[in-house]
Amino acid sequence: MSTWGIDLGTTNSCISRIVDGVPVPVPIDGEPIMPSIVTYAPERIWVGREARNLELSMPERCVRSVKRRMGGRGPDYEIDGRRLPPEQISAEILRALKQAAERETGEEVYDVVITVPAYFDEAQRQSTLRAGELAGLHVLRLLNEPTSASLVYDQVGATREADGPEIVLIYDLGGGTFDVSVLEVFGEVREVRATAGNTELGGDDFDELLYRRFADHLKHERGVDVTADVRARALLRRLAEQTKIGLSSTLDQRVSSEFVAVDASGAPVHLQLSLTRREFEALIEPLLRSTIDLSRRARDEARLQGQSLSRICLVGGSTRIPLVRSMLAEAFDADVHEEIDPDFAVALGASVQAAMLAGQPIERVLVDVAAHSLGVRVLGLDDVPWEQPDTFAPILRRNTVLPSSRSQEFYTAVEDQKAMTVEVFQGEAARCSENRRIGTFTMDLDPHPLHSPV
Ligand code: AMP
């Protein structure tokens, strides 16, 4: 009989199992993750994507982020005069995962490992166990989320088979929460040495900043205040998330939505603007800076006593934002790993743990990663302008899963620049002269003023 791993997340949840010795997520209605949203419609309870779709039409019947209230951390919900304790709502999410996985695989979902944040106290853990029971599951074990993620990173060989303990930092930036943990890993034993985080920080806050940017734009351009309009707010928030996700892979996004609201004269108001990755990064940089500070604090509290941090593993959907990785690489002298899809890392680890508890064999997960960073020669701050610049700007970092594409913006170095020679290097050194030269090509440019983006 299969065993299963469940990541019961604040924003999204995921269920996984071992197939041919390898952990894989089980698709829920075709998608590997399911929004942790429950809507109590008059006729029935909806969970996941349908629940999210109904949010626009019945926001008062919709529950998001129930995880925050587990273990008596908030009042029971009240919908339609019914009192709904958080564990009952969590049980709906677990039941939906169970039923969908059973439909998908034809197997019964019974023995499970469910993950919880490392900082969850006893009441929050008991509440999660109770939710599992209510959903008809047999919870083999509750597993700390960072421990779970580190387990699956072992399967790709990201954590080294060392002669001594290794120190790993798990940086988990999701939709609504940020958690960082420093783990000591030695063979099968892993111990959480320190944790820090912010339960009120995540991708939703980035969406909120963009949403406010859109709302300000409409106020400025059309004199319309959309913030009091529930429908417009929900629409712009969704657009904000799409824009944010788009900016993880492109350098700019055209934001466009018709009939967002009506103005004082009753005329329809459309939203139309462009946003660059750089502008978005400037908006979120202070929030990311706070996650780096918390990561430093966790590292310091772990009291490494001579041991050094060797790896940082990325978990949570928001770690797809390129700035997250570059800020971590800059702040810590450690390899940053992203071989495992950040949406599934926790759930996959839970299924590895469940299989280990059931004595099932696990194979190594093979992924193809870039063994060295790839980047270009740029004129850096330390370079002497009249000499050959020697600053290496990595674009595709070491350990990035292949195939992959990354884009980055650079600026012209002289007035009316008409061409650009791109010299590509491979390596980890800050100076091009200490890395390996891969090749060169030249691109023509329309003449641009100095410091224009290209
Ligand atoms: P999680 O709680 O780990 O499921 O993460 C969900 C968060 O990740 C949400 O705020 C998503 O908008 C965000 N997210 C997912 N994919 C991306 C992406 N490609 N770029 C930026 N944020 C993303």
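The table that follows gives values for the structure above.
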{"quantity": "Segments classed as strands (runs of 3 or more DSSP E), wholly inside region 1-99, with at least 3 members that are in contact (Cβ under 8 Å) with a residue 24 or more places away in the chain", "calculated": "4-8, 12-19, 22-25, 38-40"}
{"quantity": "Flag if Arg398 is open to solvent by 90 Å² or more (accessible area, probe 1.4 Å) and in a loop (DSSP other than H, G, I, E, B)", "calculated": "no"}
{"quantity": "Residues that are within 30 Å of Ala118 (Cα to Cα) and away from the ligand (no atom under 16 Å from the Cβ), drawn from region 195-240", "calculated": "Thr195, Ala196"}
{"quantity": "Gln272 vs. criteria open to solvent by 90 Å² or more (accessible area, probe 1.4 Å) and away from the ligand (no atom under 16 Å from the Cβ)", "calculated": "yes"}
{"quantity": "Selection within region 367-412 - of a type in the set (A, V, I, L, M, F, W, C) and at pLDDT 85 or above", "calculated": "Leu374, Val376, Val378, Leu379, Phe392, Ala393, Ile395, Leu396, Phe410"}
{"quantity": "Residue in region 71-85 that is on the phi < 0 side of the Ramachandran plot, buried (at least 20 other Cβ atoms within 10 Å of the Cβ) and touching a strand residue (DSSP E or B) at 6+ places or on another chain (Cβ under 6 Å) present", "calculated": "no"}
{"quantity": "Residue within region 370-389 that is in a loop (DSSP other than H, G, I, E, B), over 15 Å from the mean Cα position of the chain (by Cα) and of a type in the set (Val, Ile, Thr) present", "calculated": "yes"}
{"quantity": "Qualifying residue in region 283-290 (condition: surrounded by 21 or more Cβ atoms within 10 Å (Cβ to Cβ), assigned to a helix (DSSP H, G or I) and of a type in the set (Val, Ile, Thr))", "calculated": "no"}
{"quantity": "Members of region 177-212 found to be modelled with pLDDT of 95 or more and surrounded by fewer than 19 Cβ atoms within 10 Å (Cβ to Cβ), listed by number", "calculated": "Asp205, Glu208, Leu209, Arg212"}
{"quantity": "Matching residues in region 1-27 - criterion: being under 13 Å from Ala101 (Cβ atoms), within 16 Å of the ligand (Cβ to nearest atom) and either small (Gly, Ala, Ser) or surrounded by fewer than 24 Cβ atoms within 10 Å (Cβ to Cβ) (or both)", "calculated": "Gly5, Ser13, Ser16, Pro25, Pro27"}
{"quantity": "Unique residue being open to solvent by 30 Å² or more (accessible area, probe 1.4 Å), of a type in the set (A, V, I, L, M) and more than 16 Å from the ligand (Cβ to nearest atom) when the list is Leu140, Leu169, Leu151", "calculated": "Leu140"}
{"quantity": "Residue that is touching a residue at least 40 places away in the same chain (Cβ under 8 Å) and of a type in the set (A, V, I, L, M, F, W, C), where the choices are Leu140, Leu129", "calculated": "Leu140"}
{"quantity": "Of residues in region 228-274 being among the β-branched types (Val, Ile, Thr) and assigned to a helix (DSSP H, G or I), the one nearest to Leu396 (Cα to Cα)", "calculated": "Ile245"}
{"quantity": "Checklist (1) within 23 Å of the chain's Cα centre (by Cα); (2) farther than 26 Å from Met58 by Cβ; (3) open to solvent by 60 Å² or more (accessible area, probe 1.4 Å) applied to Arg237, failing item", "calculated": "(2)"}
{"quantity": "Arg303 basic (Lys, Arg) and not in a helix (DSSP H, G or I)", "calculated": "yes"}
{"quantity": "One residue from Pro447, Pro361 being assigned to a strand (DSSP E or B), open to solvent by 40 Å² or more (accessible area, probe 1.4 Å) and farther than 26 Å from Asp335 by Cα", "calculated": "Pro447"}
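Conditions tested, residue by residue: (1) near the ligand (Cβ under 10 Å from one of its atoms); (2) part of a strand (DSSP E or B); (3) closer than 18 Å to Ala298 by Cβ.
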site: Thr319; (1), (2), (3): yes, no, yes
site: Val324; (1), (2), (3): yes, no, yes
site: Ala329; (1), (2), (3): no, no, yes
site: Asp333; (1), (2), (3): no, no, yes
site: Val336; (1), (2), (3): no, yes, yes
site: Gly349; (1), (2), (3): no, no, no
site: Val352; (1), (2), (3): no, no, no
site: Met356; (1), (2), (3): no, no, no
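Residue by residue, here is whether (1) open to solvent by 30 Å² or more (accessible area, probe 1.4 Å); (2) modelled with pLDDT under 95; (3) within 29 Å of Thr3 (Cα to Cα) holds:
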| site | (1), (2), (3) |
| --- | --- |
| Thr319 | no, no, yes |
| Leu323 | no, no, no |
| Val336 | no, yes, no |
| Asp343 | yes, yes, yes |
| Ser351 | no, no, yes |
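The values are calculated or read from the model by the stated rules, or taken from the named source; none is laboratory data. This one's a predicted model, so the numbers in the text were calculated from it and none came from an experiment. As a convention, Cβ positions derive from the backbone with ideal geometry for all residues, glycine included, and neighbour counts pool all protein chains shown. Areas reflect the complete protein model, heavy atoms only, side chains present, ligands, DNA and RNA absent. Shrake-Rupley method; radii C 1.70, N 1.55, O 1.52, S 1.80 Å.
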